[in-house]
Amino acid sequence: MPSRNNKVIILYLLSYLEFRFMTDNVYKFLILELGIAIVDEKNMIQSFKRFHDPVQSHLKIKNRDYEEISESLEVFKVKPELLQTNYPEIIDYLRNNTFHAEKISAVEERQSQIDKISFYTEMYDSDQQDHSGRGRDISDNLREFSLKWSSLKVKEASEQLDLHISQSINALDEIDKILNTVGTRMREWYGLHFPELDNLLQNIVTYANIVSKVGKREEITVEFLQSLEIPENKIEIIIMTAKRSKGGKLTEENLLILQSLANEVISLAQIRKTLEDHIDISMEEISPNLKELLTATVGARLIAKAGSLKRLASLSSSTIQILGAEKALFRTLKTGANPPKHGLLFQHPVIHSAPKWQRGKLARAISSKAAIAARVDLYSRNPESSNTLASKLNDRITEIQEKYKEPSEIQQRQQQQNFKRADRDSYTRNKGKQYGRDRDKDRDGDRDFKFKKNKFKKRFHKSNKK
Amino acid sequence: MNQLSLYKSFDNGSFVILVDQAKERYLATQNLDTGKSVYGEKIIKIDDLEYRIWEPYRSKLAGALLKNLKENPIKESSSVLYLGASTGTTVSHISDIVGNKGMVFAVEPSVRVAREFLENVASRRKNIIPILMDARRFLHYYSYYGLVDVVYSDIAQPDQTDIAINNCKCYLKSGGDLIIVIKTRSIDVLTDPKLVTQNEAKKLENNQFQILQIINLEPFDKDHSLIHAKYVG
Ligand SMILES: C[S@@+](CC[C@H](N)C(=O)[O-])C[C@H]1O[C@@H](n2cnc3c(N)ncnc32)[C@H](O)[C@@H]1O
């Protein structure tokens with residue numbers, strides 16, 4: 001039985017020990033790729049909790065699931081005076097658990113990066129593996145983690161990107177609408193002063209540049225038109241017509257307002273270009289095969305319509321074929337009218353330049369390859385497959401174009417009837433989107449032939465009324 | 001380029017110079033990932049060994065070697081911290097050279113190029129650890145340990161030299177080598193490229209580096225130079 005004295009000594013000793021523990025127990029709480037290490041001031045490891053699945057554990061911690069951290073914290077019988085961590089996001093969590101916590105200093109952080117190797121070695125020692133090739137084992141594990149983690153990051157970024165693509169393509173459509181409205185207004189207004197220019201200049205940006213930078217028709221010079229890269233013969237005509245124009249006078253006030261409209265057109269066209277480039281680059285990034293097959297804008301529209309690349313990849317090719325023609329589809333279901341042949345895919349240059357009787361077949365060929373492309377882009381990203389997909393599709397397209405050169409008799413009869421409702425639908429829907437790159441190609445940089453179309457429409461309506 | 005034959009071999013043959021009949025010289029490394037070409041470079045077989053031609057117009061280190069880099073610090077079983085891995089053109093050759101006993105830590109923040117890098121290079125070669133981060137955040141690199149023998153930096157940023165210095169101070173062992181590609185146009189468009197390079201070299205000297213060699217990479221790369229320095233800190 002211990003004497004009273006002994007008891008006092010033991011108590012004293014205990015409190016001394018506790019005191020010691022209290023004063024200099026500053027610990028580092030390090031979240032490393034393969035586990036959580038708790039290290040004391042002298043960089044001695046006090047505990048190492050190895051992650052079973054490092055990637056999963058990191059994801060958990062990132063999503064504020066701190067189970068593994070709290071398990072690690074159980075090591076402390078006595079709360080340390082200070083916990084320093086290399087992972088600032090968990091500081092609040094530690095504080096809520098009555099730890100004093102702060103961020104580790106840069107010097108210590110560097111040290112722990114260098115010391116990592118010894119942490120890992122120790123961890124592997126405790127795993128009781130044979131010592132030979134241990135270093136290799138560690139780097140294999142590290143490598144596996146970093147590969148998985150990097151792929152995850154890449155994937156995350158891409159998933160983010162397709163949301164942005166949807167926004168970009170919608171913005172593009174809206175800008176087209178505004179550009180169309182404001183541009184038409186500008187033409188009509190400036191037309192009071194120089195009516196002949198409307199027919200001479202198709203390109204809305206070139207037109208806006210003349211209004212904005214020159215203004216009155218008398219001041220239009222050859223040099224300025226040259227700077228806009230207008231062909232020589234056209235320049236001559238414009239200058240001549242300007243001299244003989246039958247248009248009225250333009251007051252300074254009116255011109256100023258008109259010029260700000262023109263500036264608006266120019267800057268919208270610039271934004272449009274930026275958006276288009278951005279869509280192009282992003283599509284290359286997240287869905288190169290789809291882009292190759294459908295062009296960037298059409299591919300992006302499909303993704304936007306489906307909601308995401310993931311959703312698009314889960315759709316059947318027949319759904320993709322009529323994506324964007326939902327109205328017509330519901331009509332079919334209700335009234336038994338002919339089902340739509342194509343929705344958004346109508347904007348594919350091959351389809352909308354094809355004769356009507358080929359379009360359904362082309363749309364089916366394209367949508368079936370597009371469905372594959374979307375899946376390839378989502379899951380494997382094999383760069384080689386785009387070539388084979390594209391060349392197979394091209395073969396099929398040529399085949400259709402050859403085989404169905406002439407419409408079948410039924411189709412011929414149908415053609416003589418009025419516009420099919422479904423087709424008219426897609427016609428009006430797509431009309432606003434003809435600024436696209438592909439149209440430009442055939443039309444030689446001529447961006448606004450749609451104004452002609454508008455006129456055509458007006459006349460069409462008038463004659464209908466009569 | 002047909003009929004290449006071995007001309008000179010370094011580091012156990014992991015990196016060689018070949019000649020054709022016209023005595024034109026080609027660099028090549030022994031392919032660690034047999035059968036796979038990374039960036040369209042030619043693969044050839046000599047005496048049962050497979051080599052990849054190392055294009056000086058595509059990889060600045062190859063350009064420097066052909067322009068007489070006196071000493072190549074990257075050898076078999078070196079560990080290398082590589083900043084600015086991009087799609088992995090140069091990294092793949094370095095991975096060939098250091099072999100299975102070496103290690104390449106490849107830093108690249110751009111997700112766009114990193115995907116290709118992961119797919120074509122990092123996932124296929126056991127001696128590469130990819131780090132998808134900005135080299136400015138060097139203290140937070142995931143998947144990193146210990147000190148390395150060589151830091152290779154090619155990141156085309158205005159503050160590229162400072163970034164490289166910081167990385168070296170953290171991870172380069174004393175006496176280790178720094179190879180840094182200076183893209184003068186990223187730093188200063190107006191000043192004479194030569195002067196820009198000299199300024200960057202000064203910066204290194206002020207930070208405990210000893211300049212060993214400066215190579216102008218013309219004609220392989222315009223406005224680029226490569227500095228080889230030793231870290232004496
Ligand atoms: C000129 S390329 C490198 C080419 C590569 N070294 C080769 O020879 O194959 C520059 C790379 O550095 C990357 N980079 C730019 N800023 C960086 C930074 N702060 N940290 C790391 N990498 C960066 C870029 O993303 C780009 O891929």
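Using beta carbons and a limit of 8 Å, which pairs, at least six apart or on different chains, have the first residue in the stretch A:181-194 and over 15 Å from residue A:257 (Cβ atoms) and the second one basic (Lys, Arg) and outside any loop (DSSP other than H, G, I, E, B)?
Note: pairs meeting the criteria are A:194/A:217.
Just wondering, is there one or more residues in the stretch B:93-101 that are of a type outside the set (Ser, Thr, Tyr) and near the ligand (Cβ under 10 Å from one of its atoms)? If you could, list the steps in order and put the result at the bottom.
Keep residues of the stretch B:93-101 that are of a type outside the set (Ser, Thr, Tyr), which gives B:93-94, B:96-101.
This time we only want the ones that are near the ligand (Cβ under 10 Å from one of its atoms), so: B:93-94.
Yes.
Hey, residue A:66 hits all of (1) among the aromatic types (Phe, Trp, Tyr); (2) modelled with pLDDT of 90 or more; (3) farther than 25 Å from residue B:129 by Cα; (4) buried (at least 19 other Cβ atoms within 10 Å of the Cβ) but one; which does it fall short on?
Condition (4) is where residue A:66 drops out.
Check off (1) under 19 Å from residue B:151 (Cβ atoms); (2) of a type in the set (Ser, Thr, Tyr); (3) open to solvent by less than 10 Å² (accessible area, probe 1.4 Å) for residue B:29 and give me the number that stays unchecked.
Going through the list (1) under 19 Å from residue B:151 (Cβ atoms); (2) of a type in the set (Ser, Thr, Tyr); (3) open to solvent by less than 10 Å² (accessible area, probe 1.4 Å), residue B:29 breaks only (1).
Select from the stretch B:109-138 the residues that are part of a helix (DSSP H, G or I) and of a type in the set (Gly, Ala, Ser) and write down the one among them that is nearest to the ligand (Cβ to nearest atom).
Looking at residues that are part of a helix (DSSP H, G or I) and of a type in the set (Gly, Ala, Ser), I get B:135.
For residues in the stretch B:139-165 being within 19 Å of the chain's Cα centre (by Cα) and at the interface with another protein chain (Cβ under 7 Å from one of its Cβ atoms), which is modelled with the lowest pLDDT?
Across the stretch B:139-165, the extreme among qualifying residues is B:144.
Would you mind stating whether residue B:155 is touching a strand residue (DSSP E or B) at 6+ places or on another chain (Cβ under 8 Å), open to solvent by less than 10 Å² (accessible area, probe 1.4 Å) and within 11 Å of the ligand (Cβ to nearest atom)? Full working, then the answer.
On the way: touching a strand residue (DSSP E or B) at 6+ places or on another chain (Cβ under 8 Å): yes; open to solvent by less than 10 Å² (accessible area, probe 1.4 Å): no; within 11 Å of the ligand (Cβ to nearest atom): yes.
Against the criterion (touching a strand residue (DSSP E or B) at 6+ places or on another chain (Cβ under 8 Å), open to solvent by less than 10 Å² (accessible area, probe 1.4 Å) and within 11 Å of the ligand (Cβ to nearest atom)), residue B:155 does not qualify.
From the list B:135, B:106, which residue is in contact with a helix residue (DSSP H, G or I) (Cβ under 6 Å, 6 or more places away or on another chain), among the small types (Gly, Ala, Ser), within 12 Å of chain A (Cβ to nearest Cβ) and closer than 21 Å to residue B:183 by Cα? Write out each step before concluding.
On the way: B:135 fails: within 12 Å of chain A (Cβ to nearest Cβ).
Among B:135, B:106, only B:106 is in contact with a helix residue (DSSP H, G or I) (Cβ under 6 Å, 6 or more places away or on another chain), among the small types (Gly, Ala, Ser), within 12 Å of chain A (Cβ to nearest Cβ) and closer than 21 Å to residue B:183 by Cα.
Which of the strands (runs of 3 or more DSSP E) found entirely inside the stretch B:15-92 contain at least 3 residues meeting this: within 16 Å of the ligand (Cβ to nearest atom)? First the steps, then the outcome.
Numbers: elements: B:15-19, B:25-30, B:43-46, B:49-53, B:79-83.
The strands (runs of 3 or more DSSP E) meeting that bar are B:79-83.
Looking at the stretch B:122-144 only, could you name the residues that are among the hydroxyl-bearing types (Ser, Thr, Tyr) and open to solvent by less than 40 Å² (accessible area, probe 1.4 Å)? Let's see the steps before the verdict.
So in the stretch B:122-144, the residues among the hydroxyl-bearing types (Ser, Thr, Tyr) come out as B:123, B:141-144.
Scanning the stretch B:122-144 gives B:141, B:143, B:144.
Right, residue B:95: within 14 Å of chain A (Cβ to nearest Cβ) and open to solvent by 20 Å² or more (accessible area, probe 1.4 Å) or not?
Values: within 14 Å of chain A (Cβ to nearest Cβ): yes; open to solvent by 20 Å² or more (accessible area, probe 1.4 Å): no.
No; evaluated as a whole, the condition is false for this residue.
Name the residues in the stretch A:58-97 that are assigned to a loop (DSSP other than H, G, I, E, B), more than 14 Å from every other protein chain (Cβ to nearest Cβ) and of a type in the set (S, T, N, Q), would you? Reasoning before the result, please.
The initial filter retains those residues of the stretch A:58-97 that are assigned to a loop (DSSP other than H, G, I, E, B), namely A:63-66, A:74-81, A:86-87, A:97.
From the residues that got through so far, the ones that are more than 14 Å from every other protein chain (Cβ to nearest Cβ) too are A:63-66, A:74-81, A:97.
Those that are assigned to a loop (DSSP other than H, G, I, E, B), more than 14 Å from every other protein chain (Cβ to nearest Cβ) and of a type in the set (S, T, N, Q): A:63, A:97.
Please indicate, with yes or no, whether at least one residue in the stretch A:154-161 is of a type in the set (S, T, N, Q) and within 10 Å of chain B (Cβ to nearest Cβ).
Narrowing the stretch A:154-161 to residues of a type in the set (S, T, N, Q): A:158, A:160.
Filter again for within 10 Å of chain B (Cβ to nearest Cβ), leaving A:158, A:160.
Scanning the stretch A:154-161 turns up at least one residue that is of a type in the set (S, T, N, Q) and within 10 Å of chain B (Cβ to nearest Cβ).
Examine the stretch A:189-205 for a residue that is open to solvent by 20 Å² or more (accessible area, probe 1.4 Å), modelled with pLDDT under 95 and among the β-branched types (Val, Ile, Thr), and state whether such a residue exists.
Yes, the stretch A:189-205 contains a residue that is open to solvent by 20 Å² or more (accessible area, probe 1.4 Å), modelled with pLDDT under 95 and among the β-branched types (Val, Ile, Thr).
Counting just the residues of the stretch A:169-180 that are in contact (Cβ under 8 Å) with a residue 40 or more places away in the chain and open to solvent by 10 Å² or more (accessible area, probe 1.4 Å), which one comes out nearest to the other protein chains (Cβ to nearest Cβ)? Walk me through how you get there before you give the answer.
Step one: list which residues in the stretch A:169-180 are in contact (Cβ under 8 Å) with a residue 40 or more places away in the chain, which gives A:169-173, A:175-180.
Subset that is open to solvent by 10 Å² or more (accessible area, probe 1.4 Å): A:170-171, A:173, A:175, A:177-178, A:180.
Values: A:170: 23, A:171: 21, A:173: 25, A:175: 25, A:177: 31, A:178: 31, A:180: 33 Å.
For the stretch A:169-180, the residue satisfying everything is A:171.
Taking into account only those residues within the stretch B:49-71 that are closer than 16 Å to residue B:224 by Cα and open to solvent by 80 Å² or more (accessible area, probe 1.4 Å), which is nearest to the chain's Cα centre (by Cα)?
Going through the qualifying residues, I end up with B:58.
Considering A:216, A:234, A:246, which residue is over 31 Å from the mean Cα position of the chain (by Cα), open to solvent by 90 Å² or more (accessible area, probe 1.4 Å), touching a residue at least 24 places away in the same chain (Cβ under 8 Å) and farther than 30 Å from residue A:297 by Cα? Step through it out loud before you land on a result.
Working: A:216 fails: open to solvent by 90 Å² or more (accessible area, probe 1.4 Å); A:234 fails: open to solvent by 90 Å² or more (accessible area, probe 1.4 Å).
Of the residues listed, the single one that is over 31 Å from the mean Cα position of the chain (by Cα), open to solvent by 90 Å² or more (accessible area, probe 1.4 Å), touching a residue at least 24 places away in the same chain (Cβ under 8 Å) and farther than 30 Å from residue A:297 by Cα is A:246.
Of everything in the stretch A:149-168, what is aliphatic (A, V, I, L, M), crowded, with 18+ Cβ neighbours inside 10 Å and more than 8 Å from the chain's Cα centre (by Cα)? Give them in sequence order. Reasoning before the result, please.
Here is the first cut: in the stretch A:149-168, the ones aliphatic (A, V, I, L, M) are A:152, A:154, A:157, A:161, A:163, A:165.
With the extra rule that they be crowded, with 18+ Cβ neighbours inside 10 Å, the set shrinks to A:154, A:161, A:165.
Correct list: A:154 only.
Every residue in the stretch A:98-118 that is touching a helix residue (DSSP H, G or I) at 6+ places or on another chain (Cβ under 8 Å), open to solvent by less than 60 Å² (accessible area, probe 1.4 Å) and more than 10 Å from chain B (Cβ to nearest Cβ), please.
Once the filter is applied, which keeps residues that are touching a helix residue (DSSP H, G or I) at 6+ places or on another chain (Cβ under 8 Å), open to solvent by less than 60 Å² (accessible area, probe 1.4 Å) and more than 10 Å from chain B (Cβ to nearest Cβ), the stretch A:98-118 yields A:99, A:101.
The values are calculated or read from the model by the stated rules, or taken from the named source; none is laboratory data. Note that the coordinates shown come from a computational prediction; the quantities given were computed from them, not determined experimentally. Please note: Cβ atoms are built from the backbone with ideal geometry, for glycine as well, and neighbour counts cover all protein chains shown. Heads up: the accessible areas ignore ligands, DNA and RNA and are worked out on the full protein's heavy atoms, side chains in. Shrake-Rupley method; radii C 1.70, N 1.55, O 1.52, S 1.80 Å.
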